[in-house]
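One structure is given below, encoded as structure tokens.
The values are calculated or read from the model by the stated rules, or taken from the named source; none is laboratory data. What you are looking at is a predicted structure, and each value in this text was computed from that prediction instead of being measured. Reconstructed Cβ throughout: ideal geometry from the backbone, glycine too, with neighbour counts over all protein chains shown. SASA here: full protein model, heavy atoms, side chains in, ligands and nucleic acids out. Shrake-Rupley method; radii C 1.70, N 1.55, O 1.52, S 1.80 Å.
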Amino acid sequence: MVAESWRQRQGRRRNKVSALDTTLDPSLNGYDNVQDLLAALTDLGGSTAQIITPEGLGADNTGMTDAFPEVKEAIETAAAGGFRCELRGTYRLEPTSVIQATGGIKLYGGGSLYVASAPIGNRLIDVLVEPLATYEVLQVEPDVYDYAGVNSSDSKVTKLTLAEADADLVFPGMEVKLVSQDQPAGGVSGAYQGEHAYVLAVASPYVYLSAPVRYAYTTTMSLLILDTSAEVFCRDLKFSADWDALVANNWSFEYMRIAGAVEPVLGNLRMRDGADAGIRLAGTVRAVSSELAFKRFRNAIITQQITGYGIRETGTFGSVHLAPRGQDCRHVWTSTTGAGAGLDLVVNGRCIGATIFGGEGQANNACAWDTHPDADGVTFAFCKSFAAYDGEAGSYSGIQLRGNSKAIGCEVFGGQVGYLLKREYANEEGVRRLVDCDYYGNDQAIVTGYAVGLTGADREVAYDIEGGYHETDDIFAWQFLAPGKGRIRRTKVKLTCATEFHSLIHFESEAASAVLDAKGIEVDIQDATGGSFRLVKYEPAGVQVDIEATISNGAVPWTAWVAPAAGFAETITAYGRIEADTMPTSTDGGASVPVGSTWAAHVTAKGGRIGNNGRRIRVAVGNEDKSLSPGNSLYPVLQIMVTANSTGSRITA
């Protein structure tokens, strides 16, 4: 109870009534005292707002009986009238239809929604903000200097041609979305092209967008005018469902879909025991969420394939998610194509520019943080994944990157694969990037791969890795299951494998013709007791490796810097500059490299010491295999300093 002030006591003496002491019987809209009611009548901006609650419509807020009709009426009435809907109790829901919040919603309260029977229509709440208008686009000029009829020498814009009557209804400052029936790169059947934009100027019949469009448009094009006046706020609520019934009956639904909204705001939502998605963002612009938490959104039984996503985005632009958390989910956050998302035109296109910052995932059964191939410019920043498990009878990881996406400063802990860099579709575009990302576990830190059915060049995975620390006791730290070009820089690795024949890098048979450029690599094998360490091991033909590495092995022996896997005799093109505490045990640092390979090695012990009469520097081209001495060529455009005994020599290609 709040202590009375001097002014309040004076009010009593003057026969004035204090709001602190005035109760409401019966309660009004769920409030039983005037003080709380007055506080609720003031919204976040300080203005008064009309409030509606299910209790005011006769709902049971104890969770004992079905309150779905009253909850539905309260939310839909609030959406239609611009009211604020407050859910403060516990509401049992036995849905008979979708709760449709058309035009936006303000939903608050600290209450709980418990889904006791399967929702109808694949979602519980649908927040739909429809476009104000849709106009046919006659032509797109994606990269012009023409700005509202005047040439510009310093900026490029996109010029759309509309019918004059339509262009006259478009104004500068409008938020729009350009869509077509073209299939986007990385898309699947039923997914179409689209991207959000800003109207910079209009000179009828031309409409100028503020920047060159990112994608190609060739078929049936439309310009959607988005409704920026619709407000979507949802805070301080809990959602849950009957998990046993969900599993037994294979329910599939979204707790909430938000479609077409500009700058929706979500905060402090707790969702658990779900299937499909907790939050589905469809065609939204610059959505912001903070402190969302999800638990048990997953495949309950492998054969039932109950998918589970905390946040699922489709055709969105510029979302920012702060500190999302997920436990026992398929993915805490993911992006998917527009197929099946509903509201066809608004959800067209890839998920562009989403940022997930400071997320925490625990015990997720596929991977905590995931991008599907439609991702374009998606970033996971300082996200963590702990102790994932294989709940799908397939691959699992801490972070999975498909499409054009990256992870910065992320950490993966536990037994799962650290970072899975994968290609899903033949027409997929993008580079998977890791920047200062760490891994601590007993599996591979990095794995590349591709989907079943892809062939030839369609299997190639492009990746770029900068920095990071990887620690594992597996037989190899980096496993390449896909061809393609990759670059790795400044990465530190600690191997603690107790099994013989372990390595830093392993190219599997599927990675034929893979190309790897790795520089500034530091490998610590002092706690790897298995012995027979090879820096690079490979199976397929056509692999190309250029690596600079330092090996900290102490007194632990190591075998070779490059070697074919047991039972394989394919040729390789490999260049290595390796320094270790001691020299490798194999002759010249290469263990039985097949004849016909092209390779060159500069292998030294610390301090420039070269053992075995200087034969640690060796070059092989075709069937030739020569010890290197002054005057010999190493390989094109390579300059190295060779220290042998007390004589210094520079060898120049």
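Just the residues that are small (Gly, Ala, Ser) and surrounded by 17 or more Cβ atoms within 10 Å (Cβ to Cβ), please, taken from region 539-563. Listed by number, the residues that qualify are ALA549, ALA560, ALA563. Within region 509-547, the set of residues being part of a strand (DSSP E or B) and either in contact with a Cys (Cβ under 9 Å, 6 or more places away or on another chain) or in contact (Cβ under 8 Å) with a residue 60 or more places away in the chain (or both) comprises just one member, LYS537.
Please go through region 199-217 and give me each residue that is within 29 Å of the chain's Cα centre (by Cα) and either at pLDDT 95 or above or assigned to a loop (DSSP other than H, G, I, E, B) (or both), ordered by number. Of everything in region 199-217, those that are within 29 Å of the chain's Cα centre (by Cα) and either at pLDDT 95 or above or assigned to a loop (DSSP other than H, G, I, E, B) (or both) turn out to be SER210, ALA211, PRO212, VAL213, ARG214, TYR215, ALA216, TYR217.
Residues of region 87-125 that are part of a strand (DSSP E or B) and open to solvent by less than 10 Å² (accessible area, probe 1.4 Å): TYR91, LEU93, ILE99, ALA101, ILE105, LEU107, LEU113, VAL115, LEU124, ILE125. When GLY403, GLY467 are checked against the criterion of being over 22 Å from SER509 (Cβ atoms) and at pLDDT below 90, GLY403 stands alone in meeting it. Out of PHE239, PHE253, one residue alone is at pLDDT below 95, in contact with a strand residue (DSSP E or B) (Cβ under 6 Å, 6 or more places away or on another chain) and of a type in the set (Phe, Trp, Tyr). It is PHE253. Selection over region 376-390 of residues that are surrounded by 20 or more Cβ atoms within 10 Å (Cβ to Cβ) and modelled with pLDDT under 85 gives a count of 1. Among the residues of region 138-157, those identified as at pLDDT 90 or above and either touching a Ser or Thr at 6+ places or on another chain (Cβ under 6 Å) or hydroxyl-bearing (Ser, Thr, Tyr) (or both) are LEU138, GLN139.
Evaluated against (1) modelled with pLDDT under 95; (2) open to solvent by 30 Å² or more (accessible area, probe 1.4 Å), GLU76 falls short on exactly one condition, (1). Entry remark, region 415-440: residues being within 11 Å of GLY398 (Cβ to Cβ), modelled with pLDDT of 90 or more and either assigned to a strand (DSSP E or B) or open to solvent by 50 Å² or more (accessible area, probe 1.4 Å) (or both) number 6 in total.
When every residue of region 254-272 is checked against the conditions, none turns out to be within 16 Å of the chain's Cα centre (by Cα), open to solvent by less than 10 Å² (accessible area, probe 1.4 Å) and charged (D, E, K, R). In region 48-62, the qualifying residues are those that are under 38 Å from the mean Cα position of the chain (by Cα) and in a loop (DSSP other than H, G, I, E, B), and the one that is modelled with the lowest pLDDT is ALA49.
Residue-wise test of (1) in a strand (DSSP E or B); (2) modelled with pLDDT under 95; (3) open to solvent by 40 Å² or more (accessible area, probe 1.4 Å).
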residue: ILE311; (1), (2), (3): yes, no, no
residue: HIS321; (1), (2), (3): yes, no, no
residue: ASP328; (1), (2), (3): yes, yes, no
residue: TRP333; (1), (2), (3): yes, no, no
residue: THR337; (1), (2), (3): no, yes, no
residue: ASP344; (1), (2), (3): no, yes, yes
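Taking region 118-137 as the range and being modelled with pLDDT of 95 or more, over 21 Å from THR228 (Cβ atoms) and within 32 Å of the chain's Cα centre (by Cα) as the test, the residues that pass are LEU124, ILE125. Reported count of residues in region 504-538, each being open to solvent by 10 Å² or more (accessible area, probe 1.4 Å) and over 19 Å from ILE578 (Cα atoms), is 8.
Candidates in region 447-487 are the residues that are open to solvent by 40 Å² or more (accessible area, probe 1.4 Å) and in contact with a helix residue (DSSP H, G or I) (Cβ under 7 Å, 6 or more places away or on another chain); of these, the one that is farthest from LYS537 (Cα to Cα) is TYR450. Among the candidates GLY456, GLY484, GLY467, GLY531, the residue that is over 25 Å from SER597 (Cβ atoms) and not hydrophobic (A, V, I, L, M, F, W, C) is uniquely GLY467.
Given the condition surrounded by fewer than 18 Cβ atoms within 10 Å (Cβ to Cβ), in contact (Cβ under 8 Å) with a residue 40 or more places away in the chain and among the basic types (Lys, Arg), answer yes or no: does some residue in region 152-164 qualify? Yes.
Within region 214-261, the set of residues being of a type in the set (S, T, N, Q) and without any contact (Cβ under 8 Å) to a residue 12 or more places away in the chain comprises just one member, SER229. Among the residues making up region 564-616, none is part of a helix (DSSP H, G or I), open to solvent by 20 Å² or more (accessible area, probe 1.4 Å) and either at pLDDT 75 or above or among the acidic types (Asp, Glu) (or both).
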